[in-house]
Every structure is written in structure tokens, then in C-alpha cells.
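Below: the structure, in C-alpha cells.
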Amino acid sequence: LDGERVTVRRRVAPGQLLSIRREPDSGREKRVPAQAGPLDIVYEDGDLLLLNKPAGLPVHPSPGHFDGDTVGNRVVFYLAQSQREPTFRAINRLDRGTSGLMTAAKNQLAAQRLEAALSRGELSRRYHAVVEGTGLPDSGTIDLPIGRREGWGIARCVREDGQRAVTHFRLLAENNGRSLLELALDTGRTHQIRVHLSHLGHPVCGDFMYGTEIP
């Protein structure tokens, strides 16, 4: 307070300058190597980046490809222009083949607050997906638990002992044996939309893991 270290019990008077020192990073975040690459930044301020991720670009480096070309590598390169030790903190994640908006926090405080807001349901996420087949109802909710598919690496499936997963959908259009859906999530399980829609018999078109790959 006016340059003096004080406790939260000190009253602040009009005209005084209150400065807050952010806690340093915990050091638990795994450092992602910087790599130059284009970033479509839709919005930016001192605490966050809102990015438009293209399809085909992974969000995180994967084992064996830690220094590969991902959103994380590009964000760290971008932040390195203004931060001494830039860290990639993704708040929401998108599959490699999915395009759309995603948020990255610029500091640990912003990450904690955004993740808390996400867990409280204060941040909404909506998706569009083209799926195989027609005849879906105008709207509906899929409330089925999702867990790992044994012996299939990162693949998931609907299973009774899995974590609860809730997906809401709305039918937007039908044409040529396919349907366009708008989807909203109450939970954020790995591959949730893809697993739920495949389980219903309407996999996302071209989904190599849960449907039929279309080169």
C-alpha cells in the first residue's frame, strides 16, 4: 500500500495506490518448447488469449513429439516476446481434427480463476458437428458415463464404471444421409462428443477412431 507491505486488515483510503504481487508459478507446469507458427488471435488482454484453432493442429505436444508443431509450442513462442519464462496454460482443449475457439491463460492466477469458472459452469462451450445418418430428434440429452477402452490407448467408450458425461444436442439440418448438430457440454471428458455420438450410432463424419475414416 503506497509501497509498504501490509496485511489484508489494513484499510485503504481514497487516493492510495494498492499493488498486488502475483505469486510466482509453482514450477509444476511442464515447460513446452517455443516454436514459431501462425496464431489466429481473436482477443487478447493482460491475462488471456482467445485463439481460433485450425483443424489438424494438435493443442499439446505428445510423447515423442514434445517439440513438435502444436498450439502450445506456438503460444510459448508468442508469449516469449513479452515474458521471461512463458508457460502454456490451456483452459479448454480441442481434438486435433477440431477447429474453433480455445482459451489460454497468460499467468497462473488467470488460469486458476478461469478453470474455477469452467468447473462452476460459468463458461459455456458450443460445437457444431456433421454426423452420419439422419432421423435424430430435434433436441436431446446424452447422459452416459465414459471411461477408457481397454487395450485401445487413448480411446474411450461408454461404460458403467466411467465418469459421468452429459452432452446436449440440437438438430440444425439434414442432407444426403448426414445431420448437422449443435452440441453443448455439461462435462468435459476426453473425446466426449465423439464417443457419445458414436454410441448413438451417429459418429462424426470422418472420425478415424469412433467412426469411419474418410481421407
Failed item in (1) touching a residue at least 60 places away in the same chain (Cβ under 8 Å); (2) surrounded by 15 or more Cβ atoms within 10 Å (Cβ to Cβ), with Glu85 passing the rest: (2)
Tell me, yes or no, whether the stretch 197-204 has at least one residue that is part of a loop (DSSP other than H, G, I, E, B), at pLDDT below 95 and in contact with a Ser or Thr (Cβ under 9 Å, 6 or more places away or on another chain). no
Test for Ala129: is it open to solvent by less than 40 Å² (accessible area, probe 1.4 Å) and over 18 Å from Arg194 (Cα atoms): no
Quick one: in the stretch 181-199, which of the residues that are without any contact (Cβ under 8 Å) to a residue 60 or more places away in the chain and among the hydrophobic types (A, V, I, L, M, F, W, C) is surrounded by the most Cβ atoms within 10 Å (Cβ to Cβ)? Val195
Out of the residues in the stretch 200-214 that are out of contact with any His (no Cβ under 9 Å at 6 or more places or on another chain) and among the hydrophobic types (A, V, I, L, M, F, W, C), which is surrounded by the fewest Cβ atoms within 10 Å (Cβ to Cβ)? Ile214
Inspect all residues belonging to the stretch 101-118 and state whether any of them is modelled with pLDDT under 90, within 18 Å of His168 (Cβ to Cβ) and open to solvent by 20 Å² or more (accessible area, probe 1.4 Å). yes
Of everything in the stretch 10-25 that's over 22 Å from Leu109 (Cα atoms) and open to solvent by 100 Å² or more (accessible area, probe 1.4 Å), which residue is modelled with the lowest pLDDT? Arg10
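The values are calculated or read from the model by the stated rules, or taken from the named source; none is laboratory data. Every value quoted in this text rests on a predicted model; they were computed, and no experiment measured them. FYI the Cβ positions are ideal-geometry reconstructions off the backbone, even for glycines, and counts take in every protein chain you see. Side chains are part of the model used for accessible areas, which takes the heavy atoms of the whole protein and leaves out ligands, DNA and RNA. Shrake-Rupley method; radii C 1.70, N 1.55, O 1.52, S 1.80 Å.
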